Structures are given as C-alpha cells and as structure tokens.
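The values are calculated or read from the model by the stated rules, or taken from the named source; none is laboratory data. Please read these numbers as outputs of a predicted model, since none were measured by experiment. No Cβ is skipped: glycine too gets one built from the backbone with ideal geometry, and neighbour counts run over all protein chains shown. When the accessible area is computed, the model is the full protein with side chains, heavy atoms only, and any ligands, DNA or RNA have been set aside. Shrake-Rupley method; radii C 1.70, N 1.55, O 1.52, S 1.80 Å.
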Amino acid sequence: MGAHHGATELEHVQIAGYNLEVEDADGFIGDRASQTAFRALLDEWRRRYREKGRPDPLGKRPSSALGKKVLDKAIAARKASPAADIVHGAIEEFAVELAQVIQRFMRQKSWKGVKRIVIGGGFPESDVGERAILQAAALCEAAELPVHLARLRHDVDDGGLIGWVHLAPPTITEHHDALLAVDLGGTNARCGIVSFRRHKAADFSRARVERRVKWRHADDDPSRTGLVAGLVRLLEEQIAWAQRHKLRLAPFVGIACPGLIRADGSIARGAQNLPGNWAADSFHLPTALRDALPVIDGHATQVLMHNDAVVQGLSEVPFMRDVKRWAVLTIGTGLGNASYVNRRVQDRAAD
C-alpha cells in the first residue's frame with residue numbers, strides 16, 4: 001500500500017479521487033475559485049470604478065501584480081474607502097463562486113458524503129482569502145450543505161511536504177528520522193526535510209518540517225531541464241544539511257506536483273503551468289532525480305510522485321479520524337482538489 005506513484009490505497013485512508021474536472025458551458029468550474037479567478041474579479045471591479053471617471057484607488061498595476069499585503073491593508077482600514085469597497089466586492093463575488101464550486105463537487109461520486117473540507121493553498125494565508133472562505137462557509141450553511149469548511153492546520157508550505165509521511169513505505173519511517181520532500185508548482189518549488197517524530201506520536205500528528213528552502217523558479221524562467229537541475233541542487237543542499245546535523249535521512253524523495261499522476265510516475269494531464277512538456281513520453285521526473293541522486297546515506301534512492309493537493313490534504317490525516325469522508329481544496333494559481341475515505345472512524349471525544 002502506498003509504495004508506488006499516485007497511490008490511492010493507504011494504510012489509514014483511501015484517496016477517493018483527485019484532480020476532479022467538472023465542466024459546464026463556460027469551461028471547468030474549478031477555474032472560477034482559484035487565486036487567478038479572484039484577481040480577475042478584482043480587475044473587473046476596478047474597471048467598473050474607472051468607467052465612472054474616477055482614478056483607480058489601487059493604482060495602475062494590474063491586480064495580478066498586487067501583493068497580498070496591499071489588498072489586506074485596503075480592507076484593514078477602520079474608515080471606509082474606495083479601495084476597501086472594491087476589494088470587498090471581489091471577496092463577496094469570489095465567495096459565491098467558491099460556494100457554487102463546492103456544491104457542484106459534492107454532487108460528484110467521489111465527493112458523496114463529504115462532511116469536512118480542508119482549505120489549503122496560498123490564498124487562505126491572507127486576510128482577504130480568510131474573509132472569502134468565511135463568507136463561502138456562510139453561503140454553504142445557508143444552502144443547507146451538510147459540510148464544514150476548515151483551515152489547514154499546518155503552514156501551507158509545510159502541509160505540502162508533511163503529507164509524504166503517509167505515502168512513504170513503512171520501512172522508510174521505521175528505520176530513519178526524516179525524508180526529503182518537494183512541492184513543485186507553476187511559480188515556486190519548495191524542498192524540505194520532514195522529520196517523523198514517531199517518539200512524539202506514532203500517527204505522525206507531530207511530524208514537522210525541520211528545514212525548508214523555496215525557489216521562485218518562475219522568476220528565472222528555466223527550461224524543463226533547468227528546472228530539474230534546480231530541484232537537484234535544492235535536494236543536495238538539504239542532504240548536506242541533514243548530514244551536518246546528524247539526521248538519519250531516508251533514501252527517499254517525495255515529489256508533489258500538479259496533475260493526474262499515473263502509477264508509472266508519468267503525468268497524464270494537468271501540468272501545463274510547468275515549463276516544457278511534462279507529459280511527454282520521453283520525460284520521467286522520478287528517473288531524472290534518481291539518476292542525479294542515486295544514493296542517500298549509502299542506500300539506493302527511491303523517488304515517488306503524487307498530486308500536490310493530495311499530499312497537502314494527507315498532512316491532515318491524524319486530525320480527520322472522526323469523519324468518514326472528507327476533502328481538500330487548495331486555492332492557488334489553480335484550484336487543486338482531493339477527496340478521502342477513512343478506513344476507521346474514531347469518536348472525537350475518545351480521541
């Protein structure tokens with residue numbers, strides 16, 4: 001169980017589905033609840049304001065270039081302002097879209113019976129994102145959807161790495177202290193050392209990221225080959241750090257990336273935001289990394305791949321034992337999704 005690429009049958013949980021693509025006449029509905037979609041809504045609200053002959057209160061930069069702090073500052077002011085009105089308008093419209101996406105997802109077979117949805121990704125890490133999710137939760141309640149929205153417990157950058165403790169083969173977690181994990185997105189690559197800390201909690205609820213490095217590769221605009229070389233450099237840096245700190249690092253690398261991952265480690269679809277053709281038959285990322293890092297701590301390296309939303313959601317496994325079915329939505333450049341079925345349900349009070 002779990003010892004191959006894109007595994008869906010794990011010890012404590014079954015992955016019922018991921019990378020769900022639901023369409024209507026306007027395209028994939030998930031595209032309406034991404035961070036990209038929110039910025040498009042914000043641009044539309046700004047355009048309406050300018051059409052009234054007024055200067056744009058958020059300046060001349062496009063919404064895609066405005067940082068989270070700029071938007072958070074606009075809604076944090078005690079006094080009402082045009083900037084706050086515009087941002088609040090986009091928040092309210094986005095919340096409606098997110099609630100509708102949740103409604104549509106819950107009609108799908110793999111989401112039937114979902115009782116809790118964990119919201120991850122970069123968007124909820126801002127005050128703007130937090131307010132949008134709270135409003136979406138209120139709309140779901142008003143629509144009498146039998147589901148609760150919750151925030152990811154870990155830092156979002158950590159969650160996308162910690163989930164690998166539930167995907168790694170048991171021999172890895174039993175005989176070593178930590179593993180290497182990579183969370184690869186269309187803009188950033190995060191590489192971390194995840195310690196198991198089984199002496200603290202056998203269910204990995206106390207697992208943590210000991211060290212994490214981040215590369216905003218989109219700024220460097222690398223080719224596919226250049227991106228792979230950059231990942232190798234990040235991993236080599238982490239291996240050297242673990243050796244200096246006498247951490248027993250497992251000969252294992254977990255790679256989380258967008259898309260549908262086949263059992264052979266190739267990407268079926270969904271990696272269009274990565275540079276080059278990642279779905280080409282001639283390209284296999286696990287092999288490329290294993291060839292570059294053949295040995296870790298004197299043992300042959302094993303490299304596994306899975307979907308990034310799946311991995312981020314799996315970081316919540318120890319905290320979801322009181323529900324049978326649950327899911328994750330990761331709101332970033334796109335909208336990632338995964339749904340899970342627990343093999344055993346524990347009473348919350350007893351737990």
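If we count every other residue with Cβ under 15 angstrom of F283's Cβ, Lys/Arg +1 and Asp/Glu -1, where does the sum land?
On the way: positive: R224, R262, R269, R290; negative: D264, D281, D291.
Local net charge: +1.
For segment 219-351, the Cβ-based charge dipole about the Cα centre amounts to some 540 debye (Lys, Arg positive; Asp, Glu negative; other atoms uncharged). The 3J(HN,Hα) values that the Karplus relation (6.51, -1.76, 1.60; θ = phi - 60°) gives for segment 217-231 are, in residue order, 5, 4, 5, 8, 6, x, 6, 4, 5, x, 5, 4, 4, x, 4 Hz. Gly and Pro appear as x.
Of all lysines in the structure, the ones whose alpha carbon falls short of 27 Å from that of K200, not counting any fewer than 8 places away in one chain, are K246, K324.
Dipole check for segment 1-136: with +1 at the C-beta of Lys and Arg, -1 at the C-beta of Asp and Glu, and the Cα centre as origin, the magnitude is about 640 Debye. Across the chain the C-alpha pair distances fall into 10 Å bins from zero in the proportions 5, 24, 32, 24, 12, 3, 0 percent. Remark: segment 138-146, residue by residue, has Karplus-estimated 3J(HN,Hα) of 5, 5, 5, 5, 5, 7, 6, 6, x Hz, where x stands for each Gly or Pro and the curve is 6.51 cos²θ - 1.76 cosθ + 1.60 at θ = phi - 60°.
Segment 278-339 and segment 11-48 have Cα centres lying 20 Å from one another. Only one residue of V96, G17, I29 has its Cα farthest out toward the positive end of the dipole of segment 1-105, where Lys and Arg carry +1 and Asp and Glu -1 on Cβ, and that residue is V96. Toward the positive end of the charge dipole of the chain, with +1 on the Cβ of Lys and Arg and -1 on the Cβ of Asp and Glu, the farthest Cα among G313, L227, W111 is that of G313. Summarising the amide proton neighbourhood of I255: residues at separation of 5 or more, or on other chains, whose placed amide H is nearer than 5 Å comprise V182, L304, M305, H306.
Counting only protein heavy atoms and a 1.4 Å probe, tell me what percentage of the chain's accessible area is made up of carbon and sulfur.
Numbers: 7710 of 16240 Å².
Carbon and sulfur atoms account for 47 percent of the accessible area of the chain.
Rounded to the nearest 5, what is the percent of antiparallel bridges among the DSSP beta bridges in the chain?
Details: 33 of 53 bridges.
Antiparallel: roughly 60 percent of the beta bridges in the chain.
Think of segment 113-232 as having a plus end and a minus end, set by charges on the Cβ of Lys, Arg, Asp and Glu; of V128, V156, L167, L167 sits farthest toward the positive end of this dipole.
To the nearest ten degrees, helix 82-105 and the longest principal axis of the Cα atoms of the chain are 60 degrees apart. Amide H contacts of V22: I29, G30, each under 5 Å away and 5 or more positions distant or on a separate chain (H built 1.01 Å from N in the peptide plane; Pro and chain starts excluded). Taking the average, over residues, of other Cβ atoms within 10 Å as the packing measure, peptides 330-339, 168-177, 253-262 rank 330-339, 253-262, 168-177 from highest down.
3J(HN,Hα) along segment 241-247: 5, 4, 5, 5, 9, 6, 9 Hz, from the Karplus curve 6.51 cos²θ - 1.76 cosθ + 1.60 with θ = phi - 60°, whole Hz, x for Gly and Pro. Taking the 0 to 90 degree range and rounding to the nearest ten, how far is the long axis of helix 35-50 tilted relative to the main principal axis of the chain, both from C-alpha atoms? Compared with the principal axis, the helix lies near 20 degrees. Looking at the chain, the accessible area is 46 square angstrom per residue; that uses a 1.4 Å probe and ignores ligands, DNA and RNA.
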